[in-house]
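Data first, discussion second: the structure below is written as structure tokens.
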Amino acid sequence: MKNMKKMIISPHIDDDVLGCGGIIDKNTFVLYCGVDEFHIISKEDRLKEADKVKNYLGHSYTLLNKKVNHYKVQDLIDSFQKHINSYKPDVICIPHPSYNQDHKVVYDAAMIATRPHDNNYFVKKVLLYEQPQVYLWNTTNREFKANYFVPVEIERKIKAYELMESQVRDFRSPELIRNMGMVRAKQVGRDGFAEAFEILRWVD
């Protein structure tokens with residue numbers, strides 16, 4: 001994973017770090033779908049937080065400026081395909097659908113954008129990533145089936161999360177992230193910490 005060219009589709013500014021913060025590096029491109037216009041802090045300050053994380057982890061990102069809580073599958077497909085065809089990632093990470101309506105829509109649009117098609121760049125490795133809060137409360141009929149595990153530097157991930165100061169919450173606390181990382185590592189007989197993914201497609 002370290003030397004792979006990675007693309008992460010993130011419904012909001014923070015989902016990428018919460019789900020994939022341990023694998024984000026200079027070989028990573030994050031596609032943010034949107035940011036709230038009126039939230040705890042302003043859109044401008046949210047983007048400042050995103051820039052802090054970018055400078056810390058070394059990746060690049062683009063913001064689509066779709067309207068949060070009003071995403072539509074048909075509005076996202078072309079944008080996803082355009083960036084996939086341009087970036088040509090080795091692996092793409094998309095969010096597991098959850099109780100969050102935006103995550104469900106992004107998942108559906110990403111599944112269409114990564115389908116085998118003559119006009120699409122064929123991404124050989126397609127992974128789902130999880131969110132800490134969904135680990136606690138998954139109300140969907142689709143269970144997250146962890147079957148790919150990557151050792152990570154957990155303090156680096158937590159530091160990146162804390163740089164998005166406005167998004168740190170008790171229900172997805174740094175402690176929960178650390179504990180989840182430990183559990184995921186133990187699931188595969190490793191000490192330390194790991195992030196878990198679900199493989200949707202893996203072609204060598």
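The values are calculated or read from the model by the stated rules, or taken from the named source; none is laboratory data. If you're wondering where the values come from, they're calculated on a predicted model, not measured in any experiment. For neighbour counting, all protein chains shown are included, and Cβ atoms are generated from backbone atoms with ideal geometry for every residue, glycine included. These area figures cover heavy atoms from the full protein model, side chains too; ligands, DNA and RNA do not enter into them. Shrake-Rupley method; radii C 1.70, N 1.55, O 1.52, S 1.80 Å.
Compactness of segment 29-112 was expressed as the Cα radius of gyration divided by 2.2 N^0.38 Å, which yields 1.11. Distance between the 7 Å Cα→Cβ label points at Lys5 and Phe171: 3.9 nm. Computed over the chain, relative contact order equals 24 percent, with contacts defined as Cα pairs under 8 Å that lie 6+ residues apart.
Using a probe of 1.4 angstrom and keeping all protein chains present, the accessible surface of segment 58-133 works out to 45 square angstrom per residue. Out of all DSSP beta bridges with both ends in the chain, state the antiparallel percent to the nearest 5. Here the share of antiparallel DSSP bridges comes out near 35 percent. Backbone N atoms of segment 1-41 closer than 15 Å to the 7 Å Cα→Cβ label point of Arg190 belong to residues 1-4, 20-24. Overall dimensions of segment 76-155, expressed as equivalent-ellipsoid semi-axes from the Cα gyration tensor (√(5λ), whole Å, largest first), are 24, 17, 11. Diagonalising the gyration tensor over the Cα atoms of segment 120-204 and scaling each eigenvalue by 5 before taking the square root yields semi-axes of 23, 16, 15 Å, largest first. Here the chain is assigned +1 on the Cβ of each Lys and Arg and -1 on the Cβ of each Asp and Glu. Its dipole about the Cα centre then comes out at about 500 debye.
Compactness check for the chain: Cα Rg over 2.2 N^0.38 Å is 0.95.
Work out the FRET efficiency for Trp202 and Asp25 from their Cβ-Cβ distance, taking R0 = 22 Å, and round it to the nearest 0.05.
Result of the calculation: an efficiency of 0.60.
Solvent exposure of Phe29, expressed as accessible area, is near 20 Å², computed with a probe of 1.4 Å over the protein chains only.
Loop sites here are GluC sites (Glu not before Pro) outside DSSP states H, G, I, E and B with no more than 13 other Cβ atoms within 10 Å. The longest part of the chain free of them is 38-142. Spin-label model, Lys145 to Lys88: label points 7 Å out along the Cα-to-beta-carbon direction sit 3.2 nm apart. Projecting label points 7 angstrom from Cα along Cα→Cβ for His117 and Glu155 puts them 4.5 nm apart. Each of His117, His96 has its accessible area taken with a 1.4 Å probe; listed largest first, they run His117, His96. Restricting segment 126-164 to chymotrypsin sites (Phe, Trp or Tyr not before Pro) that sit in a DSSP loop and have at most 11 other Cβ atoms within 10 Å of their own Cβ leaves Trp137. Count the net charge of all other residues whose Cβ sits under 13 Å from the Cβ of Val203, scoring Lys and Arg as +1 and Asp and Glu as -1. Charge balance in the 13 Å sphere: +1.
Counting only protein heavy atoms and a probe of 1.4 Å, the accessible surface of the chain is 48% carbon and sulfur.
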